[in-house]
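First comes the structure, then the notes that go with it.
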Amino acid sequence: MKKLERSLSLPYVIAISIGGMLGSGIFVLPGLASNITGSSVWLAYLLGALCVLPAALSKSELATAMPSSGGTYVYIERAFGPLFGTISGIGLWLSLLLKSSFALIGLSAYLSVLVSIDDNLVRFVALAFLLFILLLNIFGVKKVGKVQLVIVTISLICLALVFVLGFQNINPDFLVPFMSDGNAGLISAIAFVYISYSGVIKVAAIAGEIKNPNKNLPLAMILSLLFITAIYVLTAFVLVGNIPSDSLTADLKPIHTISELLGGKYFGYVAAGIGVLTLMSGANSGVLASSRFPFAMARDLLMPNLFSKIHSKYLTPVVAILFTGLLMGVVILFFDVVKIAKLASAFMVMMFIAVNFCVIILRETSAQWYKPTYMSPLYPFLQTFGILAGFVLLFLLGFMPLLSIVFIFVLGFIVYIFIGKNATRTGVLTNYGHVPALFLFYKKDPSIVDGSSENTSSNLDGKLASDAGTIVPLLGNENSAEMLVEMASAINTRSSVQAVNITEVPNQTFLDALNKDTPRIISIERRLKRLSNAQKLKIDFESVVTHELSNTIAELSGQTNCDWLVMGWNGRAHSGILVRNPVGWLLTNVSSNFALFKDNGIKNIGKVLIALRPGRKDKNFLSVAEKICSFYGASLTLLHIVAPSFSKKAIIKMKEKSSSHLSSLKVSTKLLVEESEDPIESISSLSSEYDLLILGAPEKDNWISVLLGTGRDKFTESSACSVLRLTMKK
C-alpha cells in the first residue's frame with residue numbers, strides 16, 4: 001500500500017497553518033465583527049485565541065501520538081469509536097469545504113477593485129480559482145507548501161505596513177464606544193471570530209506528510225497561533241482606529257480600504273491583489289486539509305474505498321481531492337455559501353470541544369499505544385476550560401448553527417449504518433466507557449465485555465500454563481519485570497506463575513506484522529528464566545500483541561482460571577463516570593483477585609507493613625501477607641490507624657481481635673495502633689521504616705475522581721517503600 005510522502009518541513013507547515021487563518025478571518029471579518037461589538041473587536045480576537053488555545057495544545061499532543069493524515073477525525077475516531085468518527089469526519093469535511101468555497105467567492109470583493117467583474121460571472125471566476133487549486137493539490141503538497149510560503153510572506157509584509165502606518169494615525173474618537181452592545185456583544189463577537197482560528201489545527205490533517213511530525217507539528221501549531229493572534233489583534237485595532245464605524249461595519253474589504261486610506265490608490269491596488277492571493281491561499285489550505293478527511297475515513301472502512309486511492313506518481317489522494325473540488329463547485333454555483341459556511345462552522349466549534357475530550361479520554365484510559373512526545377500543559381484544567389468555553393460560544397451562535405449540528409449527526413449516522421458498519425475498530429471509549437458513555441454514543445458489544453471478542457481471542461494461542469495460579473501482564477512500564485514476577489510468585493497459590501508480555505497497538509496496525517519478538521521481549525524472557533532457575537520457581541513466559549489491552553488481560557484471567565492477577569502500577573486506578581483507565585476496567589470485569597504492585601526500587605524485602613481498615617477481611621489480607629513474609633523471610637507488622645474520636649473500649653476490642661489473627665500466622669508479627677487525624681501522613685512517615693506496604697483497595701472515590709476518573713491513591717503516592725494494593729474477590 002502506497003504511503004503519503006513526508007515532504008513538508010517546519011516553515012512550510014507554519015505557512016500552511018497561517019495561510020488557513022489569514023483569509024477571511026482578517027481580510028473580511030473585522031468589519032462584520034465590529035458591527036457586533038464596536039471598537040472592542042480587537043479584544044474579541046484576543047479572547048477568541050485564548051478559547052482556541054486549549055484545542056491547539058490538545059491537538060498538538062494528539063498529533064504527536066497519531067501523526068497520520070486525517071487529523072481531528074483520526075483522533076476522535078480513535079477515542080470515541082467509528083460512529084462518532086464518521087460523524088466528525090463528515091462534519092469537518094463539509095465545514096472546511098464550505099469555508100473554502102466561501103473564501104473563493106469572497107475573492108470577488110477584492111478582485112472587483114482590480115478588474116471589472118459582472119455580477120453574473122463572480123461564481124465562474126471562483127470556479128476558475130478552484131480548478132487552479134485542485135491542480136496544485138494533485139501535483140503534490142510540497143508545491144502547495146512552497147506557494148503557501150510565498151503568499152503568506154507577502155500578506156504578512158502588507159499587514160505589517162498597514163499596522164506601522166495605521167498606528168501613527170489612530171483617531172481616539174473612532175474608538176468610542178468600546179463595546180457597543182456591552183458584554184453580551186463582546187462575547188457574541190468572540191463566537192463570531194472564533195472560526196478565524198480554525199486553520200491553526202487544520203495542519204494536523206496532513207500530519208502524515210510532515211517531516212519529523214513529533215517536533216514540527218506542535219511547534220508549528222503553537223507558533224502559528226501566537227503569530228496570527230498578534231496579527232489579528234494589531235490589525236483589528238488599527239482598522240477600528242482609522243476607519244469610521246459606520247463605514248467599517250459594512251465593509252467586506254477592510255484591508256483594501258485602510259490601505260487606500262493610508263497609502264493612496266496604488267497601495268490600495270496592491271492590498272487588493274494581496275487580498276485575492278491570501279483568500280485563494282485560505283481556500284487552498286482548506287482543500288488540502290478537507291480532502292484528507294474522506295481519504296482517512298476510507299482507509300478505516302467508513303467511506304467507499306475509492307477515496308483511499310493515491311496517485312502513483314504524485315503520491316496525493318487524487319480521488320478525495322477531486323471529489324472535494326466537485327462538491328465545492330456545486331456549492332459555489334448553487335448554494336448561499338455565506339449562510340451555509342456560518343452554519344457549518346458551528347460544527348468546527350464542536351470539534352474543538354471533542355478534541356479536548358479526546359485528550360482526557362486517552363490520558364485517563366492510559367491506552368498503552370498512546371505515547372505522545374508532546375504533552376499539553378495544565379492538564380486537565382486547560383482542557384476543561386476549552387470544553388466549557390466551546391459550549392458557551394456554540395450556544396451563542398444561535399439556533400440555526402445548532403440545527404446544522406443535528407443535521408450532520410443524522411447524516412453521519414446514516415453513512416455509518418450503510419458504509420461504516422463493517423469497520424473493525426471499536427474506539428477507546430467503547431472499551432473503557434461506563435454505561436452513561438455507551439448510552440450517549442453506542443452500545444458496547446457484550447462479547448467485548450466478557451473477553452470473547454474475536455479481535456482479542458486470535459492473539460492467544462492456547463500455550464498458557466493451565467496450572468498457573470497467578471497471571472502477570474507485562475506492559476512495558478514496569479520498573480523491574482523480575483521484581484513484579486517475584487512478587488507474584490510470593491502470593492501464588494499453585495505450582496506456576498504465567499508472565500505475559502502484552503503490546504497494545506492502535507486498531508489500524510495489523511497484528512501479524514508485529515508477531516516477531518523484539519529485543520526487549522527476548523531480554524525479559526532471558527531474565528525471567530534466570531530468576532526461575534535461581535529461586536527454583538516455575539515461571540512460564542508468553543508474548544502477545546493486541547488491539548484491546550484490557551480485554552486481553554481479562555481473557556488471560558478467564559482462560560487460565562487463575563486466583564490472582566498481578567500488575568505493575570503507577571498509583572492510579574480510579575474510574576470516572578464516562579471514562580475509566582484499564583485498571584479501573586479490570587477491577588470491574590475480572591473475576592480473580594487483583595494485586596497492583598508499585599515498585600519503588602526496593603529489592604530486599606525484610607519488613608512488611610500491612611495497613612487495614614478495622615474489620616475489613618482481615619483474615620484474607622493477613623493470609624496473603626503471611627505468604628509474602630514466608631517467601632522473603634520477612635517480619636510482618638499489622639497497622640491500624642484510628643481517629644481521635646475512636647473510643648478506648650473499641651480500641652481494646654480491635655487489638656484483641658487483631659492479636660488473635662496474628663497469633664495464627666507462622667511468621668514474626670507485631671501489632672501497631674496509631675491515633676491520627678491524617679492517615680496519609682502517618683502511613684507516609686511509618687513507610688520509611690519498612691520495605692513493603694500492603695493496602696486494601698479504597699471503598700469509594702470522591703465525586704471529583706468519579707466524574708473525571710483522575711483520582712490517584714494518595715497512600716501509595718506518599719509511601720517511601722514499595723506498595724502492594726490488594727482487591728480480594730475470591
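Sorting 167-174, 58-65, 689-696 by average packing, meaning the other beta carbons within 10 Å per residue, from highest down gives 58-65, 689-696, 167-174.
Relative contact order for segment 618-698: 37 percent, from Cα pairs under 8 Å spaced at least 6 residues apart, divided by residue count.
Judged by the mean number of other Cβ atoms found within 10 Å, the most tightly packed of the peptides 87-99, 264-276, 21-33, 468-480 leads the ranking 87-99, 21-33, 468-480, 264-276.
In which sequence would 373, 316, 86 go, from the one with the fewest C-beta neighbours within 10 Å to the one with the most? Could you put the intermediate results ahead of the total?
Values: 373 14, 316 23, 86 28.
Going from sparsest to densest Cβ surroundings: 373, 316, 86.
What shape does segment 237-323 take by its C-alpha gyration tensor, where a ≥ b ≥ c are the square roots of the eigenvalues and a/c under 1.5 counts as rounded, a/b above b/c as prolate, and the rest as oblate? Prolate is the answer for segment 237-323, as a/c is 1.5 or above and a/b outweighs b/c. The protection proxy used here, the mean number of other Cβ atoms lying within 10 Å of each residue, ranks peptides 293-301, 623-631 as follows, highest first: 293-301, 623-631. Ranked by how many other Cβ atoms sit within 10 Å of their own Cβ, fewest first, the residues 538, 371 fall in the order 371, 538. Over all pairs of different C-alpha atoms, segment 42-132 has a mean inverse distance whose reciprocal, the Kirkwood radius, equals 16.2 Å.
Here 661, 256, 640 are placed in order of increasing Cβ neighbour count within 10 Å, fewest first, which gives 661, 640, 256. Across the options 54, 306, 329, the greatest Cα extent toward the positive end of the charge dipole of segment 13-348 (unit charges at beta carbon of Lys, Arg, Asp, Glu) belongs to 306. Checking the cross-link pairs 619/655; 538/607; 99/313; 598/714 against a 18 Å limit on the alpha carbon distance flags 538/607; 99/313 as lying beyond it. Seen from all directions on average, segment 13-348 presents a Cα convex hull projection of 16.0 nm².
FYI, it's all coordinate maths here, none of it is from the lab. Source: prediction; values computed, not measured. Note: ideal-geometry Cβ built from the backbone for every residue, glycine included; neighbour counts use all protein chains shown.
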